[in-house]
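All remarks here apply to the structure that follows.
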Amino acid sequence: MKNLSLLIGIILFCCVSCQNEIAEIKAVTDDFNYPVQSIVDADYIFSEFGERSSRLESPLLERFVQDTSIILANKGFKMTFYDSQEGDAVLTANTGEFWEKSGVFKANGNVKMINSDNEYMLSESVIFFRDSDLIKTDDWVTIQTKTGILHGKGLISNAAFTEYQILKPTGQMNINNNID
């Protein structure tokens, strides 16, 4: 009887020990998602054809490399778009994600874009496509112009935020009926 209880005790000990070892091995061998590069007080200038096209400033940028390379700005950012013909525009948000291979930049949380005429757009997220110089969102937007406030859902704009279209405008619109 003593031998049987000793045998059961050894078997239970081995089973418990094996489970712990497997859990420990799994914890060590699982892929962790740590940044391969962290930049504090980041300030990057991007160029196309030898001329600066945009500038990215952020208190912290983290670069991750998995199937694709992504740069995260989880502590906010400011991106300036330079355009000698249409003026500079500034995009700010709480967080940003930049996919290096595709050249797509997504801004999230308290997104604000200001153009050279001090008109601005507010939204919760926008996507910037570097190859086409296009900014787009499917979220609600509010635009403050020199003549009033525009509201709607969805927006397409150039990076200078001088040519834009609200996809589904809402609210009251003032129309000038005076034809000169």
Global geometry of segment 28-101, whether rounded, prolate or oblate, following the gyration tensor of its Cα atoms and the 1.5 cut on a/c: prolate
Cα Rg, Dmax, segment 27-180, angstrom units: 17.8, 76
Stretchable slack from residue 40 to residue 100, in nm (0.36 nm times residue separation minus alpha-carbon distance): 19.7 nm
For segment 69-92 and segment 119-160, distance of Cα centres in Å: 14 Å
Contour excess over end-to-end distance, with Cα ends at residue 147 and residue 117 and 0.36 nm allotted per residue: 9.6 nm
Estimated inter-spin distance, residue 165 and residue 136, nm [label 7 Å along Cα→Cβ]: 1.2 nm
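Bear in mind that the values in this text are calculations on the coordinates, not laboratory data. As the structure is a computational prediction, the values presented were derived from the model and not from experiment. Quick reminder, even Gly has a Cβ in these numbers, built from the backbone with ideal geometry, and neighbours come from all protein chains shown.
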